1. Taking the criterion of being touching a strand residue (DSSP E or B) at 6+ places or on another chain (Cβ under 7 Å), surrounded by 14 or more Cβ atoms within 10 Å (Cβ to Cβ), within 14 Å of residue 72 (Cβ to Cβ) and modelled with pLDDT of 95 or more, would at least one residue in region 144-151 satisfy it?
2. Can you pull out every residue in region 114-133 that is assigned to a loop (DSSP other than H, G, I, E, B) and surrounded by fewer than 16 Cβ atoms within 10 Å (Cβ to Cβ)?
3. Output yes when any residue across region 73-95 is within 13 Å of residue 141 (Cα to Cα) and not in a helix (DSSP H, G or I), and no when none is.
4. Filter the strands (runs of 3 or more DSSP E) completely within region 163-240 down to those with at least 3 residues that are at pLDDT 95 or above and touching a strand residue (DSSP E or B) at 6+ places or on another chain (Cβ under 8 Å).
5. Among 262, 246, which is at pLDDT below 90 and surrounded by 18 or more Cβ atoms within 10 Å (Cβ to Cβ)?
6. Take residue 268 and tell me if it is at pLDDT below 90, in the same structural domain as residue 21 (by TED's automatic domain parsing) and surrounded by fewer than 21 Cβ atoms within 10 Å (Cβ to Cβ).
7. List the number of the failed condition for residue 42; all other conditions in (1) within 24 Å of the chain's Cα centre (by Cα); (2) farther than 30 Å from residue 13 by Cα hold.
8. If you take the residues of region 249-259 that are under 21 Å from residue 32 (Cα atoms) and part of a loop (DSSP other than H, G, I, E, B), which of them is modelled with the lowest pLDDT?
């Protein structure tokens, strides 16, 4: 097969779908080096999330906007614990559903629902652009947010369109727990032990920069990027890399911002190189 990755060491930073990504790479023969960027926990106080669920059931939203698949899964986890999952799915079926990229759409399908519309680009700006074409005046809109992000531009835009917004933040990040792993990954790249790093969301780029600064490893990180094939899943990640003066070596073709096309693009690029293990 043209897209085999035998002998190549691939560094992945994904947390939410790390197991699936690792499996796909391993199927192509890659030696996968896993580095979770953060630990995800349920919201420390479940009361606001449960209250949101009950509001959604008692008076179904006109519109539902999901920013992450993880968010819906955490909401459903709490709904199951409270015996509200059936009622919640029934209520959400009545709403128009919009997703930021394909991952929330996958989470919807897991509970038997479908998104009416998905952003072309999996970014907040893409959500604003998508919803900006709709008449939201007077409509009740459930908005699932995610941590460590300023959502004021999104909520401001929706408010300006006249939407009655009801937000929920169902999980939090514990970033400190993963710092040691990230420093190790930076060292591995700098010392030439990694063939390619696969970046699947812009938060990964930010975390790498943040941890490198906190631990005095900025020079090592940039040296590592110089030695390593940088694979980006799409324009949001590539834009974040560029914002930090970093390049993108390979990315899937337009509108194919998924794991399998990313792996194929990586394999095609790496085929021009010898694996570091072979080169040594």
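The values are calculated or read from the model by the stated rules, or taken from the named source; none is laboratory data. Because the structure is predicted, anything quoted here is derived from the model rather than measured. Backbone-built Cβ (ideal geometry, glycine too); neighbour counts: all protein chains shown.
1. Step one: list which residues in region 144-151 are touching a strand residue (DSSP E or B) at 6+ places or on another chain (Cβ under 7 Å), which gives 144-145, 147-148.
Still in the list and also surrounded by 14 or more Cβ atoms within 10 Å (Cβ to Cβ): 144-145, 147.
Checking which are within 14 Å of residue 72 (Cβ to Cβ) leaves us with 144-145.
Checking which are modelled with pLDDT of 95 or more leaves us with 144-145.
Yes: region 144-151 contains one or more residues that are touching a strand residue (DSSP E or B) at 6+ places or on another chain (Cβ under 7 Å), surrounded by 14 or more Cβ atoms within 10 Å (Cβ to Cβ), within 14 Å of residue 72 (Cβ to Cβ) and modelled with pLDDT of 95 or more.
2. 114, 116, 120, 132, 133, listed by residue number.
3. yes
4. Details: elements: 164-168, 171-174, 196-199, 229-232.
So the answer is 164-168.
5. Values: 246 fails: at pLDDT below 90.
Answer to the check: 262.
6. Values: at pLDDT below 90: yes; in the same structural domain as residue 21 (by TED's automatic domain parsing): yes; surrounded by fewer than 21 Cβ atoms within 10 Å (Cβ to Cβ): yes.
Taking the combined requirement at face value, the residue satisfies it.
7. (2)
8. In the first step, residues of region 249-259 are kept if they are under 21 Å from residue 32 (Cα atoms); the result is 249-252, 257-259.
Applying the additional criterion that residues be part of a loop (DSSP other than H, G, I, E, B) yields 249, 251-252, 257-258.
Working: 249: 95, 251: 90, 252: 88, 257: 61, 258: 74.
This residue is 257.
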